[in-house]
Amino acid sequence: MARYTGAVCRLCRREGQKLYLKGERCYTDKCSIGRRAYAPGQHGQGRKKVSEYGLQLRAKQATRRYYGVLESQFRHYYDLASKREGKVGEQLLVVLETRLDNVVYRLGFANSRPEARQLVVHNHFSVNGKKVNIPSYLVKPGEVISINEKSRQSEKIKSILEANASRPTPKWLDVNRESLEGKVISYPTREDIDLPVEETLIVELYSKL
């Protein structure tokens with residue numbers, strides 16, 4: 001299973017914005033964007049005029065990195081979204097939002113999407129009572145995501161739940177913090193997705209390829 005293994009703070013600096021890939025650290029003074037708000041590399045501080053293609057590419061790369069998806073999989077999601085009814089860009093975001101690792105993060109069962117991915121891979125969650133360790137699993141309305149019984153005794157899981165006890169839950173999800181379960185009520189709408197994503201630029205980019 002391919003995934004990015006480099007320094008994630010470099011990704012935030014390259015995009016010039018917080019991608020919230022390191023959980024609590026992103027909200028502290030240790031965040032790399034606050035300390036070095038320029039692109040990594042020896043030419044990172046140079047002024048560069050960004051072309052139309054450059055803007056489209058950066059929009060795509062930032063979205064990819066928000067959700068921790070590699071290029072080939074992102075293109076697959078775009079093709080999947082293009083076959084659905086509605087605006088392609090919005091449908092692409094719906095597909096990305098309904099990945100299991102993202103849903104786990106949205107429910108407050110992880111501090112960040114990378115951490116959610118790791119927890120899913122390590123068999124900490126079930127969907128409708130069946131263990132699922134595939135982060136890219138696409139959840140559907142009506143499905144219930146729960147923390148496995150054995151995992152509930154983990155000190156790490158307990159600390160995560162405590163840290164995120166007051167985190168707001170998107171309205172397309174419902175979480176029960178007593179039973180440690182979350183339910184997908186519906187597919188998210190564009191208004192439910194709070195990321196600064198410019199999906200129209202992504203559509204413009206792929207329409208040229």
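The values are calculated or read from the model by the stated rules, or taken from the named source; none is laboratory data. Computed from a predicted structure; not experimentally measured. Virtual Cβ from ideal backbone geometry, glycine too; neighbours counted across all protein chains shown.
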Hey, V184 surrounded by 14 or more Cβ atoms within 10 Å (Cβ to Cβ) and either touching a Lys or Arg at 6+ places or on another chain (Cβ under 6 Å) or under 18 Å from L119 (Cα atoms) (or both) or not: no
Matching residues in segment 171-181 - criterion: being of a type outside the set (F, W, Y) and either buried (at least 17 other Cβ atoms within 10 Å of the Cβ) or under 20 Å from Y77 (Cα atoms) (or both): L173, V175, L180
Odd one out for L205 among (1) surrounded by fewer than 18 Cβ atoms within 10 Å (Cβ to Cβ); (2) over 17 Å from the mean Cα position of the chain (by Cα): (1)
Of all residues in segment 134-162 being loosely packed, with under 14 Cβ neighbours inside 10 Å and under 22 Å from Y187 (Cα atoms), the one that is nearest to the chain's Cα centre (by Cα): I134
Unmet criterion (only one of (1) modelled with pLDDT under 95; (2) over 20 Å from V88 (Cβ atoms); (3) surrounded by fewer than 19 Cβ atoms within 10 Å (Cβ to Cβ)) for S112: (3)
Condition check for E90: under 21 Å from D192 (Cβ atoms) and among the acidic types (D, E): yes
Among the candidates A110, A116, A165, residue that is under 15 Å from the mean Cα position of the chain (by Cα), outside any helix (DSSP H, G or I) and hydrophobic (A, V, I, L, M, F, W, C): A110
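I need the full set of residues from segment 119-156 which are outside any loop (DSSP other than H, G, I, E, B) and of a type outside the set (A, V, I, L, M, F, W, C), in order please.
Filtering segment 119-156 down to residues outside any loop (DSSP other than H, G, I, E, B) leaves 119-121, 125-127, 130-131, 138, 144-147, 150-153, 155-156.
If the condition is that a residue be outside any loop (DSSP other than H, G, I, E, B) and of a type outside the set (A, V, I, L, M, F, W, C), then S126, K130, K131, S146, K150, S151, R152, Q153, E155, K156 are the ones that fit.
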Scan of segment 38-74 for residues that are of a type in the set (V, I, T) and modelled with pLDDT of 90 or more, ordered by number: T63, V69
